[in-house]
Every structure is written in structure tokens, then in C-alpha cells.
Amino acid sequence: MKPALISGMKPEGHMHLGNYLGALKNFTDLQNSGKYDCYFFEADLHSLTEDFSPREKRAQVLELAAEYLAAGLDPKKSVIFPQSAIPAHTELMWVLTTMAPEGELRRMTQYKDKALVKKREVNAGLLMYPVLMAADILLYGAAAVPVGEDQLQHLELARTLARKFNARFGETFTEPEGILTRANRVMNLKDPGKKMSKSQPDGCLFLDDAPETIRKKIARAVTDSGTEVAYDPKKKPGLANLIDLYAALSHMEPAMVAREFAGEKYSVLKTRLAELVIEYFSEFRSAKKKLLAEPSRIAEVLAGGAAEAGRIAEKKIAEVKKKLGLL
Ligand code: ADP
Ligand code: TRP
């Protein structure tokens, strides 16, 4: 049996280059490596912690599934499903909640960031978010979890909870390891000190951005006042981010990219990068559009995945209940 691998993304619309390079591209590469039994789900329950409307949510669930498939996730190779279709995720979450240190949850960076910017009341779902994530992972015995760097803290909690449960109730869960891509922290084009995020749209390249918008955003990317193209993430973070993006999309090493553009103006790199981004995602965009024209096919893929995931999850939750002494 191969080791299990799991990851998920929230259906919230507006996928950006950071999500793609930090997570989705890696999902496809790992699936195609043939080394793992892969599970990729939509973290639709996690997405309820943010404001939404039901009609919008439905469209976002279909859209994310279309993006998964357009990026190359294949229901013949991976189990693809929506988290909310499997009740065992929330059942296990409750069990883990009773073992999760409350103070640690309050100290999670993502919680603190989100709680700080919320003007209205912070919902308790934001606090429990990492516990549901731990349940997602532990339920499938996942040994590997590909995520961006910002999720490592949550993964650490999953490891802690697995250890705690195992120590108290006997060996039940696998401690998961994170898998990072090189592009695990794509930076904001307008502020290379911050990660690219949809909350700052002008520094963020969305996969659905029109070619003209992509050209404009990259042309306006903040770089240093120097003129020499060199890869130096400390001294030239803005330029290094552009080089990293070019490298990731052209399967080159950053040093090789810097050599290729040596002696050129920054604007030459920017123009070539914009064309590379436009070209790279053109196939993705048309595949996504085609899939979205057939929502019933997408629903079929998700239902098939849910049936398969459900079988595994049910077994695990039954084992957990038994170990806890529940009937
Ligand atoms: P956002 O920060 O845009 O709200 P999410 O929190 O929904 O993105 O993240 C979805 C996935 O994309 C996660 O695995 C996360 O680690 C990854 N990710 C998000 N932003 C970046 C980024 N700038 N660079 C690399 N990976 C990222
Ligand atoms: N929290 C992750 C994010 O913000 C999404 C997620 C939920 C996840 N459950 C997971 C990722 C389990 C990996 C494994 O992107």
C-alpha cells in the first residue's frame, strides 16, 4: 500500500498564482508521481467561516472543482470530494476539540490575523478552524500534506493531536508531514514583504485575470531602484519574487533565470514574465470554461469521490468511537 496524501482548498473564488504554485500545481505533480494514494477535497466547511451567500457558495464549489480538474487532478488517479459530504470530518473534529489546548488555538497566526481584521464579532469557527483541518487529515491516515508555508502551524497541531490521541487511546492516527513546493510563499507584487493574497488584489495575479490586467500588474510590480538583474531575495526581494515566478512557470532554477536576463533591464524580465503567465494559463482557462459548461459532470466526479472517501472515513470514525469507549 502506498502512503496516503491529502490536501484541500477552500471554495471561495478568485484563485491566485500563490494558491496555484503553492498548492494546486503541487497537488497535480504529486498525483502524477504515482507515489501516493491521493485525496483532494474542497474545504467547503472551512469556507463557511468567511462571509458568503448560498448562491455564491454553490458557484464557488463548482468553480473550485473545475479548477482542480483543469489543473490536471484526475478522478481516476485521485479521490476528489467535498468535505461536507462526509459527516465523519465533523464527528472527528468534535473528538479532537476535546483534546485541543484552547490557548494554542488562540495563538495560531491565521486566527490572530483574521480576528484582528474582523470588525464584527469573530465566529468561533475561526478559532476551531485548525481542529477541523486536523480531522480532515487524520481521518485518512495521511502521511503527507502538500500546503503553502502559512499552513505549517496548523499541520503541527494535527501532529500534536495525533500524538495525544495515540498516547491515550492506542495507536490510531498517523503523524502527517508537510510537503512544500519551492514557490511556497509567492509574494505580493505591490509589497514583496507580504505574501500574495486575494485581500490585496492589485498585488495579486488571479488566474482569471485578463491578459491586459496581467501585463499591467506585473509592469507595476515593486522592485528595487537598482538596474542589475540578480537573484538576491534579501537585498532585492521584489525582483527575486519575479524571478521565482518565472522559474516556477518555466521549470528553471532561479539562478538560471537570473543568468538568462543578466544585462537586461528589469522591464524585459517583467514583459517576458507577463507573457509567460498569460501563455501558461491559457489552456487552464479554456479547460475550466469547458468543465463549467457541464456542471452535472462535475457533480458526478464529486459524488464518486465522496462515495470512496466515505468508505474510508466511516471505518476510521468507527475505530475512533470504539477506542473512546462509545457504543
Ligand atoms: P489566501 O491566502 O489567498 O486566502 P488560502 O488561505 O485559501 O489563500 O490558501 C489556499 C492554499 O494556497 C494553501 O495551501 C496556502 O498555503 C496556499 N497559498 C496561499 N497564498 C499563498 C502564497 N502567496 N504563496 C504560496 N502559497 C500560498
Ligand atoms: N486550511 C487550508 C487553507 O487555508 C485548507 C485546508 C482545510 C486543508 N483542511 C485541510 C489543507 C487539510 C490541507 C489539509 O488553505
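The values are calculated or read from the model by the stated rules, or taken from the named source; none is laboratory data. For clarity, every value in this text was computed on a predicted model and none was experimentally measured. Neighbour counts are summed over all protein chains in view; Cβ atoms, including those assigned to glycine, are modelled from backbone coordinates with ideal geometry.
Is it the case, given these coordinates, that R285 is among the basic types (K, R) and over 13 Å from A70 (Cα atoms)?
no
Yes/no per residue for (1) assigned to a loop (DSSP other than H, G, I, E, B); (2) within 16 Å of ligand 2 (Cβ to nearest atom); (3) in contact (Cβ under 8 Å) with a residue 24 or more places away in the chain; (4) outside the structural domain of T109 (by TED's automatic domain parsing):
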position	(1), (2), (3), (4)
F173	yes, yes, yes, no
K190	yes, no, yes, yes
K198	yes, yes, yes, yes
D202	no, no, no, yes
K235	yes, no, no, yes
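In the range 1-19, which residue that is more than 13 Å from ligand 1 (Cβ to nearest atom) and touching a residue at least 40 places away in the same chain (Cβ under 8 Å) is farthest from the chain's Cα centre (by Cα)? First the steps, then the outcome.
Initially, the range 1-19 is screened for residues more than 13 Å from ligand 1 (Cβ to nearest atom), giving 1-5.
Pick out the ones that are also touching a residue at least 40 places away in the same chain (Cβ under 8 Å) and you get 3-5.
Working: P3: 20, A4: 17, L5: 14 Å.
If we take residues in the range 1-19 being more than 13 Å from ligand 1 (Cβ to nearest atom) and touching a residue at least 40 places away in the same chain (Cβ under 8 Å), then P3 is farthest from the chain's Cα centre (by Cα).
Name the one entry in A135, A143, A162 that is surrounded by 15 or more Cβ atoms within 10 Å (Cβ to Cβ), free of Cβ contacts under 8 Å to residues at least 60 places away in the same chain, over 30 Å from K234 (Cα atoms) and more than 12 Å from ligand 2 (Cβ to nearest atom).
A162
Which members of the range 208-228 meet the condition of being within 21 Å of S282 (Cα to Cα) and either small (G, A, S) or within 16 Å of ligand 2 (Cβ to nearest atom) (or both)? Show your work before the answer.
From the range 208-228, those within 21 Å of S282 (Cα to Cα) are 208-219; that's our starting set.
Once the filter is applied, which keeps residues that are within 21 Å of S282 (Cα to Cα) and either small (G, A, S) or within 16 Å of ligand 2 (Cβ to nearest atom) (or both), the range 208-228 yields A210, A219.
Can you tell me how many residues in the range 30-56 are free of Cβ contacts under 8 Å to residues at least 24 places away in the same chain and either in a helix (DSSP H, G or I) or basic (K, R) (or both)?
3
Quick one: T181 ticks every box in (1) free of Cβ contacts under 8 Å to residues at least 12 places away in the same chain; (2) polar (S, T, N, Q); (3) within 16 Å of ligand 2 (Cβ to nearest atom) bar one, so which box is it?
Result: T181 passes all but (1).
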